[in-house]
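**Student:** Pasting in a structure now, in structure tokens, and then I'll have a few things to ask.
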Amino acid sequence: MPSISSFPPRSRAFCSLAVALLASLCFAGAVRLDAQIIQIKTLPIADGDQWRLFPSANTGLGGLTIALRDSLADPFDNPSKGARLNERRKGLFFGSPTAYTLSKNAGGGRTLPIGGIARSGSTFGGFAVAVQELDKVGSNQLFNPTPPGIDPALFDGVPTPVTQTVQTAAPSRQNKFAFATLGHIFDRGGVSVGASALWSGLNDVDGVDQLYVGSQRVDQHGSDLNLRLGLLKEWSGGRSLEGMLLHDRFNMAHDVTWVDQLWDPNTRRNFPRSRIDHNLDRTSLWGMHLAYSQPVGDSGWRVGSIFTTNLMSHPKLPDFQFTQVQVIPWDPGHSAAYDLGVGIAKTKGLTTFGVDAIFEPIHTHTWGETPDSIPTSFGTIPAGAKTTENHFRFSNAILRAGMGQEVKLDTMRSGIKSFRLEGGLSLRAINYTLNQSDHVTQLETQRHEGWMEWTRTWGFGLRFTDLEFRYVGRTTTGTGRPGIPENSGGGVVFAASADAGTRNFLAAPNGSTNLTGVAVTSHQISVSVPIR
């Protein structure tokens, strides 16, 4: 990945902050169901597998979604697809415990969802609940002790011994989720409609505390609400058209505790004093998703296409601190993201194969405002005016491929009807151009950044007479996290030292921070019991 340290000195300060702010979208954009929410990332930060709540029949196939139906995940992605339950299979109950870890002890967590969906006549509905616990990450959130020879200092005015850390109660790392869906089938027209709601009570978003380098602790609390309204039209012969509208409101608060070492020249003592920064992370999203698929004769092949759009407003993004940067007020702006994709899949006999290809253009506009007027060589910038503007233009690409093979078994001897093996590969290539306008110095800069994220998937399944068991694993590489020790050295530098004396509204960074490459590995076991 190209280094942002190669920016001109005066624009590096603006760029590092702009990228830091936009990096929060890699978490906000991932706090949903997998499909129809487009993730924005300006840095290759590993966001874990925290949000994989529901079972899927296609995860082991590289996550194919366009031309291959997913018998388990479809009703949760688009609520109208619950209509595909029929008289033979009226519903199912499921449990899908999931665990994920990041290499180099960079995080992990466990989730236990349970739920079900059923059909009665022309009406269908379902529910799911989940609890989640995330691991505490060992990081650089310790502050340096008072130097030797200095008397015990004061912490918020109270005498306290000099120690490596200030002991405080650990913030909660547990999250709760609740999902409900309801729909109706209009048999005469072959049309079904459905609505769903997913509420997330969040006390921890994995990786966020790593973005406040040098902090003592980070308390997170907030919620996310995802609402969906879907429509499905199916014709005889296997053709189908689906549409969906969605709205998502993500609202988090980060209470970040810092400890500053203050020197009193009168008493010649160090005074460590705590302060708390209250950061808000808010994004409101409106989206639309269209998908069409049809079989190709009786060959077993099926083709499909999708169009997805997300319009996002970011009234507040947190002031992440990758390096020691002066905190300034920001009004982050808005984003428009699109997915244009085609897919092809073949299901013939006991073999399944498929490929998805998606082009993903995104435009994000952010800016900074000054609370006070600023005199410059080119005139005075009034209070409330923009000091810098950033235009991010993405041209991302996603490729997925997967294959599965089912083997019939002797049910009289083993009680197992079939055994299935799956494997897949997914690639996400992220490329963007940053055009930046510094209204204080009247400088225009442009920079290109890009990287690739690879995901390998595998799985197997057992089908019994009244039970289906699935295991799915996946590993993603090509991403990293700040604040994680790198034993072998290296890492990706994304903010470098800059001139501290430049005449900018922002103070320049005075240190560098590396992204240490990590691998995210998750394991999911799902057990579903059909209702007949």
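**Student:** Can you say whether Val191 is in contact with a His (Cβ under 9 Å, 6 or more places away or on another chain), modelled with pLDDT of 90 or more and of a type in the set (A, V, I, L, M), as far as the supplied structure shows? Quick ask: steps written out before the conclusion?
**Tutor:** Values: in contact with a His (Cβ under 9 Å, 6 or more places away or on another chain): no; modelled with pLDDT of 90 or more: yes; of a type in the set (A, V, I, L, M): yes.
For Val191, the condition - in contact with a His (Cβ under 9 Å, 6 or more places away or on another chain), modelled with pLDDT of 90 or more and of a type in the set (A, V, I, L, M) - is not met.
**Student:** Restricting to the stretch 162-179, and then to whatever is surrounded by 14 or more Cβ atoms within 10 Å (Cβ to Cβ) and assigned to a loop (DSSP other than H, G, I, E, B), can you tell me which residue is modelled with the lowest pLDDT?
**Tutor:** Going through the qualifying residues, I end up with Val162.
**Student:** Do the conditions hold for Thr387, that is, is it modelled with pLDDT under 95, out of contact with any Asp or Glu (no Cβ under 6 Å at 6 or more places or on another chain) and of a type outside the set (Phe, Trp, Tyr)?
**Tutor:** yes
**Student:** Within the stretch 377-412, track down each residue that is under 28 Å from His363 (Cβ atoms), touching a residue at least 24 places away in the same chain (Cβ under 8 Å) and surrounded by fewer than 13 Cβ atoms within 10 Å (Cβ to Cβ).
**Tutor:** Phe378
**Student:** Same structure, new question: Can you tell me which residues in the stretch 464-484 are surrounded by 19 or more Cβ atoms within 10 Å (Cβ to Cβ) and modelled with pLDDT under 90?
**Tutor:** Scanning the stretch 464-484 gives Thr479, Gly480, Arg481, Pro482, Gly483, Ile484.
**Student:** Scan the stretch 137-146 and give yes if some residue there is surrounded by 20 or more Cβ atoms within 10 Å (Cβ to Cβ), within 25 Å of the chain's Cα centre (by Cα) and at pLDDT 90 or above, otherwise no.
**Tutor:** no
**Student:** Just to be sure I understand, how many residues within the stretch 180-209 are crowded, with 16+ Cβ neighbours inside 10 Å and part of a loop (DSSP other than H, G, I, E, B)?
**Tutor:** Qualifying residue count, the stretch 180-209: 5.
**Student:** Could you grab me the full set of residues in the stretch 84-126 that are in contact with an Asp or Glu (Cβ under 8 Å, 6 or more places away or on another chain), under 26 Å from Phe353 (Cα atoms) and not in a strand (DSSP E or B)?
**Tutor:** Arg84
**Student:** Here is a follow-up. Give me the residue from the stretch 423-463 that is under 21 Å from the mean Cα position of the chain (by Cα) and among the acidic types (Asp, Glu) and, out of that set, modelled with the highest pLDDT.
**Tutor:** Restricting to residues being under 21 Å from the mean Cα position of the chain (by Cα) and among the acidic types (Asp, Glu), the top hit is Glu453.
**Student:** Suppose we filter the stretch 249-262 for residues that are touching a Lys or Arg at 6+ places or on another chain (Cβ under 6 Å), farther than 15 Å from Val213 by Cβ and of a type in the set (D, E, K, R); how many remain? Walk me through it before giving the result.
**Tutor:** Narrowing the stretch 249-262 to residues touching a Lys or Arg at 6+ places or on another chain (Cβ under 6 Å): 251, 257-258, 260, 262.
Next, only the ones that are farther than 15 Å from Val213 by Cβ stay: 251, 262.
Those left that are additionally of a type in the set (D, E, K, R): none.
Here the count works out to 0.
**Student:** For the structure I just gave you, tell me whether Asn78 is under 27 Å from Ala519 (Cα atoms), buried (at least 24 other Cβ atoms within 10 Å of the Cβ) and in contact (Cβ under 8 Å) with a residue 24 or more places away in the chain.
**Tutor:** It is false that Asn78 is under 27 Å from Ala519 (Cα atoms), buried (at least 24 other Cβ atoms within 10 Å of the Cβ) and in contact (Cβ under 8 Å) with a residue 24 or more places away in the chain.
The values are calculated or read from the model by the stated rules, or taken from the named source; none is laboratory data. Worth saying up front: this structure is predicted, and the values here are computed from it rather than measured. Heads up, the Cβs are rebuilt from the backbone with ideal geometry, glycines too, and the neighbour counts pull from every protein chain shown.
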